[in-house]
Each structure stands twice: as C-alpha cells, then as structure tokens.
Amino acid sequence: MSAVTQLQPYVEMPTGTAIRHALKWQVIGLVLLGYHVFLVKQSLAFVVVMPILLAVLYNNAPLAGLLVYFQFLIYQNLVIALGAVDMPALNYTVLAGTNFLAITLMAAIGAGRLFRPPWRNRVPGIMLAIILAVLLAGCYAAVGALRAGPTSAAIYFREFIGPACAAMVGLDIGRIWGFRTITIGLLISVILSLFVTLLELGMPADYYRWINAVDYQNLTASCCIDRKIYSPLDVIDQNLTTWFNFTWDSADLAAATSSRFKSSLMNSVSYAYILALAGVAAISLRQYLWLIVLVPLLLAAGVKGAAILFIFSFCLWTILSTTGSAKFTLVSTLVLLTLYVVYGLSRGLELGDFHAIGFLGGWRGFLSNPLGHGLGVGGNLSEAAAKMPDWTGAGGMQSAGADFGLESAVGVLIYQMGIGSLAVFAVFFCLLKAAPFLRHKPQGRDIWFLALATVIVNGVFQEEAYAPTAAGLIALVCAVVLMNARRQAVSLSSLASRGLTMRPASV
C-alpha cells in the first residue's frame, strides 16, 4: 500500500453545502469581530480574548476557524472604523494587528499538528523554510525595535512574516479540506464587501459619515498633524488620484482621475488585491460570471499592482491550459515578469516614480550593509521617510533619490533584512517548486501558483504586494493545493452515503 493511500483523504463539500457553511460562519465571524473591537476599545487587557477564541475554534474545527479568519482579514478595518469615535490611538494601533495575531495563533496550532507523524515527513522543505523565516525575522524585528521603535518593527514583521504564517495554516487545513471548499468560502466571504463598495460609490459622503471614516482616517494619521481631516468631503478628496497612478506624459491623460474606493478594508490598494484574488478564485473554480462584477470594479479601483496581478495570472493560466506545457509556461512566466521589471524600473526612473526610486534605494542600502538594518528601519513608516517632507521638487526624492527602501516590498525587505531576506523568499520558492502543474495535468487550481509568481515580482513596485490580503492569501491557497496534491479526495456526500462523517476536530 502506498504512503498516499494510508492517509485519510481530504474532503470536498458539495457547492450548496459549502456556500451555506461559509455564510453561517461569516455571520459568526463578524459578530466575534464586532465584540473584539468593542472590548479592545474599552481596554487593551481584552486584546487576546477573541483571537484566542478563534484559535480554540480553529483547533477544533479548522474550516470554521479559517472562515472566521477571512472575516477578520476582509472586514477588520471597517468594523474598527465603526467604533473609531473617541478610540485611543494606541488601542487603534493594537486593533490594526488583529488579523495578524489571529493567523499567527492559527499557524502555531497548525505547526503543532504538522510536526506529528506522518505529516512532518510530507512537507519538510517548506516547513523548514517557514520556521527559519519566522526566527530570522524575529531577530531582525528585535534589532529594528531598538533602532526605529517597536511599532514600526511590528508592522513590518507582520507584513513580511504574514505569508509564511498563512502558508503554515494552508498546509494544516489542506490535510482535511479540499481546495474547492476553501476557495468557495473565500469567494462567499467577499460578497458583502462588494455591496459595501457599491454603497460607497453610490453615496460616498453619507457612507463615510455612517462608518465614521473621518475618525478612522485621523487615527491612521495620528502621528501627522498636517494630515488631519475634518469632514467626509476631505475623505473624498483623499481618494481622488490619477487613474492607475500613472505619471502620464500627456496633459490630457494626466487629467484622467479616478476616485479610489476603500470598501471594507478602508484601503484602496489592499482592497484592489482582494478583488483581483476573488477574480483568480473565480477562474480557478470556472465560475466566470463573477468576472462581470469583479473586473469592472478592479478597473475602477485604478490600482496597477492588483490589475497586473489579475491580468498576468489570467494570461499565464491561458497559456498553461491551452498548451498543457509546464515548460513553455515557465519560460513565458520568466520572460513576462522580467520584461515587466525591466520596463517598470527604466520607465519609472525616467518619470521619477517613487516605487522605482524606492526599490533602488533599498538596493543601495542593501549593498551598503548586506546584513540588513533591522525591521522597521526604512520603508514608508520609517523615521527617514518622515524626515523627508519634500518628496518632489528641488532636493526632493525625485531629484536626489533615496538611500533606504520604500514603496517597494522587495526594496524594503532587502534593506531591512539584508541577506536574511532569502529566508522569506525561500517560503515562496518552496511553494512554487511544489506547483502541481509541474508534474501533473494542469487544473484550475494551478492559476494560484502563477499568481504567486506574479505577486512576488510585483513586490518590486509595491509595498502592499506582500501584505496578508495579497501574498498572504495566495500563499495560503497554494499551500492548501500543495497538501491536497499529496492526498486523495473524497466528497462529503459520498461519505454520507456510506454512513460516515467527517469530523474537522479529528486531526
């Protein structure tokens, strides 16, 4: 008997059952999130109550715990905004890390299960990469906390280790539940945010007043008096930007503006990634009608990184599915992403784009100190960036450049962690190396690995590319696929027909 058939197969729910299950736990997750914000607003002593409750749920029912986490990830900031009136700045800062605290607790539980036989022999490479990345990042965070303060160090630790923790959770839950069930749960979790988006687009001033957007925005900028706003109209003005944030050559094109909606994440860039990944999920499930809503919203959002992620993933998946050739797809991926970086950097430097300038600043900082400067040192939130108010004009960053990383996840990462950043990239590499299409006939799930390759490179031009809503979600789903590929599948209905049940608590 083979090693694979000795393992209990993972389970896929029928579509209707998966939808009902996701809706039920979405309601429960939003209630838990609301209680969490209310309690932490009263006192920081309650900060771990709901995350621990989520961890207990995940320990006993992994799928339910993951679905609740999706609500924490997608709706956390909207619920914080609802409670933002008279909220202390420190309480807000702590609440902003809620979804990261949740995923780290879940990852710790998952690691405990994966270290047990027979699991520890199934994915030793990626497990080692994840552990090494977390340990090294912890050391760099300690250095960064001394040099730049604990808040900045914690923020960048959360960003760069979030995908590793998400991958651990994906490996764990992929032992029990199938890719299709997880992806349906993710798609259903996004629906409410689409209604929030339509409400924001239809009546922005009223919407921002209802959700206390002014108080929320002032909390996010509590360190900067000059960024304080006073009315919903100020929020609307903040949202206006050049479409896709291009530095256009033509005056006519430069006048093309868009209003970037924030939706449930209260951040236009992060939410655009949610839209892009919802589109990837729809394609992987062959539910193309979703794209009728998602693609126009993604274009309206005007976020280059998210749009490129979706377009590149779709194009590369089209190549893979039509040719069936993993080798040709890999070559196409390498060529496309290389051209993207080369053109983006050369054109960006020509036009004074801060993302290209920030990447090269990180590269120069890496060369000056290959061991790294510490997490939180450098980046948009660093003291160096705060001391550079004139980013444009004579003597500004566009003319003088930068000697630290910013506006670029890769630039900031290599500046802060130096050669230690290889441990973070190793997690991504291990996931890509295990992509099923490299060994088997292509399936819809393989688009997630093409999305992973794209978002890694996208990090050259965007800090948010490695956030939990981008690389984090992709790493989680890829890890589910990776673990599923080592198992056999069985449907929930077939278990029921044999008088058997699937107990998520049985791990």
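The values are calculated or read from the model by the stated rules, or taken from the named source; none is laboratory data. Computed from a predicted structure; not experimentally measured. Cβ: placed from backbone, ideal geometry, glycine included. Neighbour counts: every protein chain shown.
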Please find, within the stretch 84-129, the residue that is modelled with the lowest pLDDT out of those that are under 16 Å from Gly174 (Cβ atoms) and β-branched (Val, Ile, Thr).
Val123
When restricted to Leu294, Leu337, Leu299, Leu367, the only residue aliphatic (A, V, I, L, M), part of a helix (DSSP H, G or I) and touching a Leu at 6+ places or on another chain (Cβ under 8 Å) is Leu294
In contact with a Gly (Cβ under 9 Å, 6 or more places away or on another chain) and either crowded, with 24+ Cβ neighbours inside 10 Å or among the hydroxyl-bearing types (Ser, Thr, Tyr) (or both): does that describe Ala434?
no
Checked the stretch 28-54 for anything at pLDDT below 95, small (Gly, Ala, Ser) and closer than 19 Å to Met106 by Cβ; matches are none
Checking the condition closer than 26 Å to Leu105 by Cβ, at pLDDT 90 or above and in a helix (DSSP H, G or I), which residue from Leu194, Leu201, Leu187 passes?
Leu187
State which residue is nearest to Val169 (Cα to Cα) when the search covers only the stretch 453-480 and only residues that are of a type outside the set (A, V, I, L, M) and not in a helix (DSSP H, G or I).
Gly459
I'd like to check something: does the stretch 64-85 contain any residue that is more than 23 Å from Trp210 (Cα to Cα), out of contact with any Gly (no Cβ under 8 Å at 6 or more places or on another chain) and assigned to a helix (DSSP H, G or I)?
yes
Mind counting the residues in the stretch 130-142 that are closer than 10 Å to Met168 by Cβ and surrounded by fewer than 18 Cβ atoms within 10 Å (Cβ to Cβ)?
1
